[in-house]
Each structure stands twice: as C-alpha cells, then as structure tokens.
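The values are calculated or read from the model by the stated rules, or taken from the named source; none is laboratory data. Quantities reported herein were computed from a predicted structural model and do not represent experimental measurements. Virtual Cβ from ideal backbone geometry, glycine too; neighbours counted across all protein chains shown.
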Amino acid sequence: MRAWMSLPVLVLLLSSGVATAQQEVVIYKCTDASGAQTFQNNERCPKGSREERKVLEAPTPSYAAPAYVPPPMPASPAAARPAASAAAAPPPAVYDTASDVERLPPPVLYECTTYDKDRYLSESGEAQQRCAPLATSDLGGLSGSGGASSCQMVSDRCQRIPDGAVCAAWKQRLGEAEAGLRFGRSETREVVQAERDRVARIVAESTCAQAAKP
C-alpha cells in the first residue's frame with residue numbers, strides 16, 4: 001500500500017459526531033477497478049477496491065499561543081490632525097510577535113507505521129495497538145474458507161522525525177487540516193477550524209516560519 005506521506009494534500013474527513021480530544025479518526029481512500037476514488041470515514045473500502053488508510057489524531061492543547069490582539073481601527077478624517085501625530089504605533093499581528101532570534105523549534109513529531117504499512121503523523125509518539133488478521137484454514141486445510149477469523153494484537157512502530165525534516169512534517173499537517181476545512185462536514189467545522197488554527201500558529205511562530213523566508 002502506498003504511504004500517504006507522498007501525497008501533496010490529504011483530504012481530511014471527520015466522523016458525523018463532534019470529535020473530542022485524544023480521539024483517533026480513520027479515513028479510508030478507496031480506488032475501484034475503473035480508477036474512481038472515494039473517501040470513507042471509519043469504514044473500510046468495498047472488496048475489490050484498492051484501500052489506503054490515514055489515521056489522524058484529534059487536536060490536543062499541547063502548544064499554547066498568545067491571545068489574539070485585533071488591529072486598530074482606521075482613523076477618521078476628522079481625527080487625522082497634527083495633534084494626533086503622537087499616537088502609539090499599532091500592535092504587531094499575532095503571527096509576527098516573535099522575532100527571528102526569539103523563535104523556537106516546533107514541537108517534535110513522530111512518523112508511525114501500521115502493520116500493513118500505513119503511515120501517519122503523531123505528536124505523542126505513543127504506538128497504537130491494532131488487531132492484525134491471521135491466516136486461517138478449515139479442517140480440510142483450505143485457507144480462508146471457514147467462517148471464523150482470528151487476529152493478533154500488534155503495535156504500530158513510531159520514529160521521531162529528524163529535526164531537519166520536522167518543519168516539512170508540520171507544514172504537511174497544516175495542509176491536511178486546511179483540506180479538512182474545504183472537504184469536511186459542516187457539523188465538525190468548529191473542531192477542524194480549531195485544529196487548523198493551532199497548527200498554523202505552531203508553523204508561524206516557530207523556526208519553521210523563519211525557514212520559509214526567501
């Protein structure tokens with residue numbers, strides 16, 4: 001199965017209920033024999049389709065950002081007089097509060113791989129456990145012909161992303177969140193917007209923003 005890390009933008013879909021902190025959302029990308037693609041939320045692809053799966057963590061309050069400061073209202077013509085020339089300068093935009101010297105590296109990210117080679121990004125690095133299906137056979141020795149199925153619990157393998165690549169990973173995560181705003185369901189838009197804003201602040205206020213400058 002092809003890893004989703006190579007996709008330029010991942011289409012993020014959320015479940016019909018509002019997601020809560022620490023929940024895991026599974027998105028399935030299905031490609032049928034004719035090449036048509038569909039996306040399914042927490043539901044595996046039909047038999048005969050090629051399946052790709054993306055596991056996404058719900059937003060976590062792990063990165064605190066300064067409160068938003070609204071820009072000043074433009075002065076009216078009557079107020080634009082010489083006496084008002086000593087007015088204080090407007091406060092800087094919220095994403096420009098950190099100078100290049102003050103910027104810190106972004107939080108670490110982990111790339112996790114499932115037993116069937118799916119990959120996803122994780123902020124915690126905690127390996128999820130999954131039930132990997134086992135090959136079974138009936139009394140006659142025919143594989144897969146019985147009604148019973150079995151599996152064994154296996155853990156995902158997670159590795160910390162190197163410092164030199166972590167900004168690219170955070171920008172990928174931002175792209176996934178922005179895709180969720182465009183293609184997600186309206187009833188979960190608040191949750192998706194909060195996650196997008198959180199990731200955008202991490203990128204804008206860390207050394208990732210400095211690296212993006214020409």
Task: Tabulated pairs, the range 142-169, first on the phi > 0 side of the Ramachandran plot, second modelled with pLDDT under 95, C-beta under 9 angstrom, 6+ apart or interchain - done: 144/135; 144/136; 144/137; 144/138
TODO: Being at pLDDT 90 or above and under 10 Å from the mean Cα position of the chain (by Cα) is the filter; apply it to the range 180-201 and report the residue that is surrounded by the most Cβ atoms within 10 Å (Cβ to Cβ).
DONE: 195
Open item on the list: Quick check on this structure: which one of 51, 43 is modelled with pLDDT of 70 or more and over 21 Å from residue 189 (Cα atoms)?
Closed with: 51
Open item on the list: Name the single residue that is farthest from residue 28 (Cα to Cα) among those in the range 105-128 being hydrophobic (A, V, I, L, M, F, W, C) and at pLDDT 90 or above.
Closed with: 108
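Rundown of residues vs (1) loosely packed, with under 15 Cβ neighbours inside 10 Å; (2) at pLDDT 60 or above, yes/no style:
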{"site": "78", "(1), (2)": "yes, no"}
{"site": "83", "(1), (2)": "yes, no"}
{"site": "86", "(1), (2)": "yes, no"}
{"site": "94", "(1), (2)": "no, no"}
{"site": "98", "(1), (2)": "no, no"}
{"site": "103", "(1), (2)": "no, yes"}
{"site": "159", "(1), (2)": "yes, yes"}
{"site": "163", "(1), (2)": "yes, yes"}
{"site": "168", "(1), (2)": "yes, yes"}
